[in-house]
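The structure is given below, and queries will be raised subsequently.
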Amino acid sequence: MTRKDMVMAALALFVAAGVASAQHPEGNRPGSLLIYPLIQKTANEDTVVCFTNTNTDFRVVPGTFPPNEIRRGDVAVVWNILWALDTDPRWQKEDGKENLSPGDTFSLLVSSLGSLPVGARGFMYAYAVSPDNNIDPIDFDFLTGEAIIVGIQPQNYLFSMPAIPFKSEANKDRNQRETIQGWRVTDGAGSNNNPDGLLTFNGVEYYQFPAILYQPMYLDQGTVPGVLNDEIVFLLGRADGADIRTTVAGNVWDNRENPGSYFYDFDCWTRTRIFNLNPHVIFQNPQRNNGPDELFTGWIDARGAFGVNRVTSVPTDNVPILGAFVHRADVGAVGFTAGTLLWWDGERSGAFLAR
Amino acid sequence: MNRTKLAFLLGAVLAAGVANAQINQDLGPNLGPKQYRPGSLLIYPILDVGSSTATLITVTNVNTDESFVPQYGVRRGAVLARFFYVIYTTSGCSLFDIDVELSPGDTFTVLASEHVGISGPVQGWLYVVAADVNTRRAIDFDDELATTPYFSGLIGEEMVVTGSPQMYLYALPAIGFESLAETSNRNIQGYMFSDENNDGEADFNDDEYDQFPEVLSAPLFLEQTTDIFRDEVVLLTPLFRFGETINLRSNFYNNNEDFRSVFFSFNCWTRLRIRDLLPFTRDLNGVSTELETGWFWIRPDFVIRLGQFYAEPPVHGAFIHELNLGTIGYWAANILHQEGEVVPVPGAIGNRGNGLPIN
């Protein structure tokens, strides 16, 4: 190895170490990849999905000319919906691509996707790719998004939740290939430009998944019997999620600091009543310990405990999950419904999704 | 690009829904009842209390460390949650606080009207500060001293429910600020006191607490075609004790990438309908028969305080989607998306007034 090679190797290691520092989703800041934890096209619910390009740079990239002119803020967005039916739990993918100009926004009514059958439920992810070739995923931390779920029949409601954004650190890896706009390709970043065809949440290609999830509040589900039906949503952040039986572990806490532990299994994605985690969400003897003003509420923590591949039987500890929460008070034909993302903390490696 | 054909599809869906609505029960206020990361200071951007509107405030202590500090009889995971209510009036904001002690793993939810003490109408916002249970001084409670990894800090959520004349419910998370204190000055539990400069304020300077964002945005609003669409933006600032006027500029985009700019201002807290803020939002593409979508960003521009000009004041807020169909309101809310950080505006009298009071 020549001295120059040694210097380059040292630099490469330095860069890799620098960009490989632990990173977690940064809440509601723009990112290069968005995950929408809840997509519904059922007889009862429809979904409006939106993604927006907050980059408003209209300068033309040198060397590009009409009609193939590319501006610095142009981006293509590839979206994938992973869905299954209650009656047919095989997981399938619906995908598409949209070109977004600088400052552009795109909204999609999921029911308008004719190839998606009524009854489809699951989650969606969307990621920035180079508008030059519509293939290379890029570090383009300017995407924000949101999903609005509309309840139709027999109840009427509307709730929304932001997409979970994941930033990329690929632009910091000078070894990584650069697109015509100057963005670096995410696939292979931090690994000496060895793309694997996956969207990897390793802190370099994209920020990592969180280590733990929290929901700050649920109402005592026994307060108004039969009316309160809060739901929790979990998804597994793995391209092979359909083959993995995932176990979520955690606690449902009441407001007297009593935890009720739970283990809950799902394949790929789930939306279930919190009662199914642990009946402790119905307080048997509700009491106040913070004064007479206190309402009877609890909170929930959750982590991806382990997963078992059905095909290979290979178990994996500490699998990466994300989630959302739906407050539901079902009062006749009116649903008082509100959605929110789960809170999170820490970082967890091991998440990857298919391109 | 003229692709968003939500037009009458969505409208029809909602209208059909309302036509079938059978309201069997009034769900009144007595129902009982780095965003999303635990922090040491939580901001709840909406306080809305009225005769038929209730706001539920929840703060949860995810620190479950039950071990006792030797000789002191205090559990390591215990914390004092100090609720500071900022009550908005057209002549300015007033402030009062209430303390609630949280055990390890405790959660506390309250009807804001119980704390405010009157049935309303009251509007404004509030913040909750993690404090030492003995001295009431603010602490860095998201510091991971807990024996179990990650279980540290406060998380929170608010829920607004209305029973009349419209029925709706929406929830949104609190805006969490981590404390970044680095001091040898610790309480008996081992947590650092966050008020490093001892000015009695939570300073958002990346030392005591996270900074405020430089730009706020919302990825989606529906064209405000008719009066049934009343989307609102809610804004707040910690600079409100010297009559400060916050000046902002904003761009609203349609889905053809056309935009209109608007300059506006507020004091302390505001809640604005975007259709009133900018008529452009009512007819985004000049085609009134088609429902389009847009997005916007808001940039806090400058503040005038005691005759002085300061750039980039701290502002945060929320966005509320509102579709008002008769007695049914389809409402949903989110915290505004954010990017960048702002350098704190210098303090005013006695270096006070650049943060939020915590004493």
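The values are calculated or read from the model by the stated rules, or taken from the named source; none is laboratory data. Just so you know, these numbers come straight off a predicted model, no measurement behind them. Here the Cβ is made from the backbone with ideal geometry for all residues, glycine too, and neighbour counts use every protein chain on show. Each accessible area value is taken on the protein alone, full model and side chains, heavy atoms only, with ligands, DNA and RNA left out. Shrake-Rupley method; radii C 1.70, N 1.55, O 1.52, S 1.80 Å.
By the 4.7 Å beta carbon criterion, which cysteine residues of the protein assembly as shown come out unpaired?
A:CYS50, A:CYS268
OK, next. Separation of the range A:289-325 and the range A:38-111 by C-alpha centroid, Å?
What the calculation gives is 30 Å, centre to centre.
List residues of the range A:281-320, by number, whose backbone nitrogen lies under 18 Å from a label position 7 Å along Cα→C-beta of A:VAL224.
Of the residues in the range A:281-320, A:282-283, A:295-298 have backbone N under 18 Å from the label point off A:VAL224.
Still on this structure, I have one more. Could you report the accessible area of A:ASP243 in Å², rounded to 10, computed with a 1.4 Å probe on the protein chains as they sit in the structure?
Solvent-accessible area, nearest 10 Å²: 70 Å².
Which parts of the range B:290-312, residue by residue, lose 40 Å² or more of accessible area when the rest of the protein chains are there, as against the chain isolated (1.4 Å probe)?
Output list: B:TRP295.
Give, as a single signed number, the net charge of other residues whose beta carbon lies under 9 Å from the beta carbon of A:GLU231, with Lys and Arg counted +1 and Asp and Glu -1. Could you put the intermediate results ahead of the total?
Values: positive: A:ARG271, A:ARG273, A:ARG328; negative: A:ASP230.
Once positives and negatives cancel, what remains is +2.
Order A:57-68, B:168-179 from most to least packed using the mean count of other Cβ atoms within 10 Å.
By packing density, highest mean first, the sequence is B:168-179, A:57-68.
Further question: Which cross-chain or sequence-distant (5 or more) residues have an amide H under 5 Å from the amide H of A:PHE283, H modelled 1.01 Å from N in plane?
A:GLN221, A:GLY222
Note down the relative contact order for chain A as a percent, whole number, built from C-alpha pairs under 8 angstrom at least six residues apart.
On the way: 944 pairs, mean separation 69.2, N = 355.
So the answer I get is 19 percent.
When the dipole is taken about the Cα centre of chain B, and only Lys, Arg (+1) and Asp, Glu (-1) are charged at their Cβ, what size is it in debye, to the nearest 20?
Details: 21 positive and 44 negative charges, 169 e Å.
Computed charge dipole of chain B: roughly 820 debye.
Okay, next question. Quick check: at a probe of 1.4 Å, how many percent of the accessible area of chain A sits on carbon and sulfur atoms? Walk me through the numbers before you get to the answer.
Working: 6350 of 12400 Å².
Taking all protein chains in place, chain A shows 51 percent carbon and sulfur surface.
Over all residues in A:251-258, what is the mean tally of Cβ atoms on other chains that come within 10 Å of each residue's Cβ?
On the way: counts 2, 0, 7, 3, 8, 4, 10, 1.
Partner Cβ neighbours, averaged per residue: 4.
Take the solvent-accessible surface of the protein heavy atoms, probe 1.4 Å, and return the percent of it on the range B:51-94 that carbon and sulfur atoms account for. Mind showing how you got there, number by number?
Values: 830 of 1670 Å².
After summing per-atom areas, the C and S share lands at 50 percent.
Is the protein assembly as shown best put as rounded, prolate or oblate by its Cα gyration tensor, with a ≥ b ≥ c the root eigenvalues, rounded for a/c under 1.5, and otherwise prolate when a/b is larger than b/c, oblate when not?
Working: a/c = 1.19, a/b = 1.13, b/c = 1.05.
Judged from the Cα gyration tensor, the protein assembly as shown comes out rounded (a/c under 1.5).
Using heavy-atom solvent-accessible surface (probe 1.4 Å) with all chains present, what is the largest-first order of A:LYS172, A:LYS93? Write down the numbers at each step before the final one.
Working: A:LYS172 120, A:LYS93 90 Å².
Order by accessible area, largest first: A:LYS172, A:LYS93.
Sticking with this structure for a sec: Calculate, for the range A:3-172, the solvent-accessible area per residue in square angstrom, rolling a 1.4 angstrom probe over the heavy atoms of the protein chains.
Working: 6080 Å² over 170 residues.
Per-residue accessible area for the range A:3-172 comes out at 36 Å².
Now, a different point. Could you work out the relative contact order of the range A:3-172? I mean the mean sequence separation of Cα pairs under 8 Å and 6+ apart, divided by the number of residues, in percent. Working shown, then result.
On the way: 381 pairs, mean separation 62.5, N = 170.
Over the range A:3-172, the number comes to 37 percent.
Buried accessible area between B and A (1.4 Å probe, both chains summed, ligands and nucleic acids excluded), in Å² to the nearest 100? List each step's numbers first, then the result.
Details: alone 15490 and 15880 Å², together 24510 Å².
Answer for the B-A pair: about 6900 Å² buried.
If ligands, DNA and RNA are left out, what is the accessible area of B:THR226 with a 1.4 Å probe, given in Å² to the nearest 10?
Solvent-accessible area, nearest 10 Å²: 70 Å².
Follow-up. Please give the average number of partner chain Cβ atoms lying within 10 Å of the Cβ of each residue in A:143-153, rounded to a whole number. Could you put the intermediate results ahead of the total?
On the way: counts 1, 9, 3, 10, 1, 7, 1, 7, 4, 5, 4.
That average works out to 5.
Specify the inter-centroid distance of the range A:165-183 and the range A:208-270, based on alpha-carbon positions, in whole Å.
Cα centres, the range A:165-183 to the range A:208-270: 35 Å.
Can you put B:PHE264, A:PHE123 in order of accessible area, largest first, using a 1.4 Å probe? Don't jump to the answer; show the numbers that get you there.
Numbers: B:PHE264 25, A:PHE123 0 Å².
The ranking, largest first, comes out as B:PHE264, A:PHE123.
Follow-up. If you fit an axis through the alpha-carbon atoms of helix A:3-19 and take the longest principal axis of the Cα set of chain A, what angle between them do you get, 0 to 90°, nearest 10?
The angle comes out near 20 degrees.
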